[in-house]
Amino acid sequence: MDALRFALTLLTLLVALVALGWPLSTWMARTYLTDRDWRLERGVYRLLGVDARAEQRWPNYLRGVLAISVLGVLLLYGIQRLQAVLPSSLGLPAVPPGLAFNTAISFVTNTNWQSYSPETTLGYTAQFAGLAVQNFLSAATGMVVAVALIRGIASRGGRGTLGNVWVDLVRTLTRILLPMAFVAAIVLLATGVIQDFGGFQTVHTITGGTATIPGGPVASQEAIKELGTNGGGFFNANSAHPFENPTGFSNLFEIVLLLLIPFALARTFGIMVGDRRQGRAVLAAMVALYVLSLTALTALELGGAGTATQAAGAAMEGKEQRFGILWSTLFGTSSTLTSTGAVNSMHDSFTPLGGMLPMLNMMLGEIAPGGVGTGLYGFLMIAILAVFLAGLMIGRTPTYLGKKIGSREITFVSLYLLTTPTVLLAGLGLTFAIPAVTADVASTSIANPGPHGFSEVLYAFTSAANNNGSAFAGLTANTPWLNAALGAAMWLGRFIPIVFTLALAGSFAEQQTHGTAETGGLMTHRPQFVVLAVGTVLIVTALTYLPVLALGPLAEGLA
């Protein structure tokens with residue numbers, strides 16, 4: 001019976017993504033291709049002092065991305081430190097400096113890592129003026145970087161410009177994220193997600209005692225949390241909390257929200273480069289990786305691990321009874337293959353090999369379909385590497401959609417692909433290489449000894465470097481070292497890849513077109529390309545991370 005219901009859920013998910021994603025992809029392409037500005041947008045440009053018709057080369061585009069991000073960190077840090085004197089703060093004190101630093105970087109980088117219990121740490125002003133604003137801006141930032149890379153690939157005149165970052169950001173907010181989040185919040189309200197300003201309410205329980213229940217503007221936060229692949233919950237339990245995710249329908253709707261824009265952007269890519277077959281090929285590869293991951297995680301969790309789970313009948317620790325295993329693995333796969341990081345079950349309680357799958361999803365680079373924008377430009381980096389490898393094998397100059405992949409371009413791609421593993425493994429290595437840090441983490445942070453404790457720290461740095469935000473919740477991360485180290489990993493893991501992405505976009509934009517998409521050996525709209533791209537992802541990930549996985553989840557799972 002559960003299998004039939006799950007099959008119907010998957011079918012409904014597919015229908016919803018196609019029905020909503022098809023017109024959305026077309027609308028996004030029009031948003032970024034048109035020269036027409038709305039009256040509201042022109043007013044924003046005047047307020048910012050922006051010339052909407054001025055085209056920017058990649059260094060100027062990058063400066064805009066970094067400027068709004070640095071400003072966002074400073075403002076969010078200030079809001080948290082001043083919380084005690086801000087209105088609607090519910091009497092909560094100022095956030096400590098280390099935690100405020102970590103949280104500011106977390107939300108600006110679209111990670112939404114939370115080393116605290118949100119409902120008892122942040123008041124309404126910090127949630128609204130701080131976190132919610134960054135949920136929109138960080139999502140928009142990822143989308144405009146992807147659009148800049150598409151423009152670089154699609155350019156034909158060799159002018160070297162990528163558009164205008166301020167125009168792209170404003171249009172992303174006014175035409176895509178804000179309207180969609182408003183509609184999504186209304187739907188979530190209808191499913192039972194709460195939206196109030198009641199603060200902490202004391203209620204009487206059925207046993208005669210009392211309990212304090214926090215409320216708040218959850219539906220409005222939940223909408224952009226999922227839609228923008230942010231993931232930071234209003235409650236510590238995130239989407240496992242009934243106030244955030246009360247029903248089976250709300251669970252399915254939230255999965256639709258977090259997958260919708262990333263999958264739709266694949267078709268947007270095809271429209272913007274003038275060859276929709278390219279978008280279909282990218283989408284096919286993303287779907288193939290998604291199906292492989294979902295199948296593996298579901299099989300591992302259904303199989304259980306050890307006599308305890310088999311005796312209990314299922315590996316239900318850390319999972320909501322109302323969702324069960326199947327809907328937990330669906331949500332977990334979707335949130336870790338995107339950069340969302342939201343959870344409706346506790347990944348730390350998954351079976352050892354099952355818990356490895358969310359880690360692997362992030363280690364793949366979160367490209368199936370990935371975060372809003374970040375998933376697309378991450379996959380395009382893999383696509384370019386696959387084309388380059390194919391060119392080497394057949395002895396022809398590799399080109400992607402008419403753009404030559406020379407030494408300069410493949411250097412940018414290689415540096416992009418090496419950045420996240422370097423940040424991840426460096427942070428993990430320092431944590432266990434510095435004796436004082438190792439002793440502190442072992443005594444105050446790790447809840448479980450042995451390989452599982454190692455996995456908790458590995459998961460944390462994997463999540464931070466890939467800007468996901470989910471966690472093995474057994475790790476206590478609100479410590480001076482982890483706040484600083486994870487904050488640095490989030491910042492470097494977000495913006496160093498953006499530098500290489502925009503540099504590659506600029507390099508392509510400076511080129512004249514060399515032939516067509518059919519030139520250069522590998523036809524990138526054919527099934528052969530899809531297979532090669534998927535194989536490249538799996539091989540690169542295995543070669544990079546297999547040794548460190550052998551020390552944690554593999555050692556635990558195969559013991």
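Here are some notes:
- Cα-centred dipole magnitude for the chain, charges only on beta-carbon of K, R (+1) and D, E (-1), debye, nearest 20: 1880
- Rounded if a/c under 1.5, otherwise prolate or oblate - segment 1-113, Cα gyration tensor axes: oblate
- Counted charge near Phe331, where neighbours are those whose Cβ lies closer than 11 Å (Asp, Glu -1; Lys, Arg +1): -2
- For segment 89-105, putting each phi into the Karplus relation 6.51 cos²θ - 1.76 cosθ + 1.60 with θ = phi - 60° gives couplings of 9, 6, x, 7, x, 5, 6, x, x, x, 5, 5, 4, 4, 5, 4, 5 Hz, in residue order, rounded to whole numbers and with x for Gly and Pro.
- Solvent-accessible surface ranking, highest first, for Ser155, Ser414 at 1.4 angstrom: Ser414, Ser155
- If you sort Leu137, Leu40 by accessible surface, 1.4 Å probe, largest first, the order is Leu40, Leu137.
- Trp38 - accessible surface, heavy atoms, 1.4 Å probe, Å² rounded to 10: 110
- Bridgeable aspartates and glutamates around Lys225 (alpha carbons under 18 Å apart, same-chain partners fewer than 8 residues away excluded): Glu119, Asp196, Glu244, Glu254, Glu366.
- Heavy-atom accessible surface of segment 31-118: percent carbon and sulfur, 1.4 Å: 63
- By average C-beta atoms within 10 angstrom, highest first, the peptides 428-434, 253-259: 253-259, 428-434
- Each residue of segment 149-163 was assigned a 3J(HN,Hα) from its phi angle through the Karplus expression (A = 6.51, B = -1.76, C = 1.60, θ = phi - 60°), giving 5, 4, 5, x, 5, 7, 5, 10, x, x, 6, x, 9, 10, x Hz with x at Gly and Pro.
- 3J(HN,Hα) from dihedral phi, segment 337-348, Karplus parametrisation 6.51/-1.76/1.60, rounded to Hz, x for glycine, proline: 7, 9, 9, 6, x, 5, 9, 10, 8, 8, 4, 5
- Computing Cα Rg over 2.2 N^0.38 Å directly from the structure and comparing it against [x] 1.25; [y] 1.13; [z] 0.93 singles out [z].
- Charge dipole of segment 223-318 about the Cα centre (unit charges at C-beta), most positive-ward option of Met316, Thr229, Pro262: Pro262
- The candidates Leu14, Leu66, Leu297, arranged from most to least accessible area with a 1.4 Å probe in the full protein assembly, appear as Leu14, Leu66, Leu297.
- For Lys404, distant residues with modelled amide H under 5 Å away: His514
- Overall form of segment 367-515 per C-alpha gyration tensor (a/c, 1.5; a/b vs b/c): prolate
- What you get for segment 151-228, charging only the Cβ of Lys and Arg (+1) and of Asp and Glu (-1), is a dipole of about 620 debye around the Cα centre.
- Residue-level accessible surface for Phe128, protein heavy atoms, 1.4 Å, Å²: 80
- On a per residue basis, segment 110-254 carries 31 Å² of accessible surface, using protein heavy atoms and a 1.4 Å probe.
- Taking a ≥ b ≥ c as the square roots of the eigenvalues of the Cα gyration tensor, segment 213-317 is oblate, since a/c reaches 1.5 or more and a/b is not larger than b/c.
The values are calculated or read from the model by the stated rules, or taken from the named source; none is laboratory data. Everything numeric in this text was worked out from a predicted model, so none of it was measured. A quick note on method: Cβ atoms are made from the backbone with ideal geometry, for glycine too, and the neighbour counts reach across all protein chains shown. Keep in mind that these areas ignore ligands, DNA and RNA; they rest on the heavy atoms of the full protein, side chains included. Shrake-Rupley method; radii C 1.70, N 1.55, O 1.52, S 1.80 Å.
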